1. Output the number of the condition that residue 83 fails; it satisfies all remaining conditions of (1) in a helix (DSSP H, G or I); (2) in contact (Cβ under 8 Å) with a residue 60 or more places away in the chain; (3) open to solvent by 10 Å² or more (accessible area, probe 1.4 Å).
2. Taking the stretch 12-35 on its own, how many of its residues are touching a helix residue (DSSP H, G or I) at 6+ places or on another chain (Cβ under 8 Å) and surrounded by fewer than 18 Cβ atoms within 10 Å (Cβ to Cβ)?
3. Across the stretch 36-54, what is the total count of residues that are surrounded by 15 or more Cβ atoms within 10 Å (Cβ to Cβ) and under 12 Å from residue 127 (Cβ atoms)?
4. Residues of the stretch 94-115 being in contact with a Gly (Cβ under 9 Å, 6 or more places away or on another chain) and surrounded by 13 or more Cβ atoms within 10 Å (Cβ to Cβ), which ones?
Amino acid sequence: QLSGLEELPWSPQAEGAAAAIYRQAVHSRPVFITSNFEIKPGYIKSWNWVYSENKFVLKLDQTLKYHNGKAISAYDFEFVLVKPFLGTLGVSDQTPLMSIKGITKLKKGDKFRRNMVDGIKVIDDETIEIYLEKGHSRFLYTLASFVIAPLAPIEEFRDDLYNFKSTPIGCGNYRVTSFDSKTGQIRLERINGQRGPRIVDLFS
């Protein structure tokens, strides 16, 4: 049982701990932090800091597939970074991303479009460059935070940018097989080849 709010864990109104458990299982994370504070790849497989330009060059692991079979994309990750500054649902996942150049110029309610932030440049499906306005030492650690929005294909989201049109999909070790919005119950099934229980039921 994740919480007592009777909210589905992908709802913008869900408790943080409930959202964190769900996102870890279904959507994975950009990077992970070990108990020794080492950064390990998540769906971002590699990163490079370019000192002269104050930017990170991130590479997404395109061997990872969404649960519908589509490869993950740097364009979808651009959406992850931008939508907290566009959405109107009052979600609080902006703070870790405030150091991205130009991102605070965005306005709530604006429509998402590619390359709308000076500091985010998608080079191709695998590669994205992120320019920072200030120090970079914490940025990769912030990407490991559970408040970073879930990665999923852009077209899977409703106009509010957060709620899914139908059953959520991600690139994590578990996929959502069923859910009941009245009871807050969802069922997860392990992706073949991954470790863990085959079936997990989550309740709110």
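1. The failed condition is (3).
2. Number satisfying all stated conditions: 1.
3. 3
4. Here is the first cut: in the stretch 94-115, the residues in contact with a Gly (Cβ under 9 Å, 6 or more places away or on another chain) are 99-103, 108-109.
Passing the criteria: 99, 100, 101, 102, 103.
For (1) under 29 Å from residue 56 (Cβ atoms); (2) modelled with pLDDT of 90 or more; (3) under 20 Å from the mean Cα position of the chain (by Cα); (4) open to solvent by 60 Å² or more (accessible area, probe 1.4 Å), each residue gets a yes or a no:
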site	(1), (2), (3), (4)
121	yes, yes, yes, yes
140	yes, yes, yes, no
173	yes, yes, yes, yes
176	no, yes, yes, no
188	no, yes, yes, no
192	no, no, no, yes
196	no, no, no, no
200	no, yes, no, no
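The values are calculated or read from the model by the stated rules, or taken from the named source; none is laboratory data. Bear in mind that the values here come from a model prediction, so they are computed numbers and not experimental data. Note that we place each Cβ from the backbone using ideal geometry, even for glycine, and neighbour counts take in every protein chain shown. What goes into the accessible areas is simple: the full protein's heavy atoms, side chains included, and nothing from ligands, DNA or RNA. Shrake-Rupley method; radii C 1.70, N 1.55, O 1.52, S 1.80 Å.
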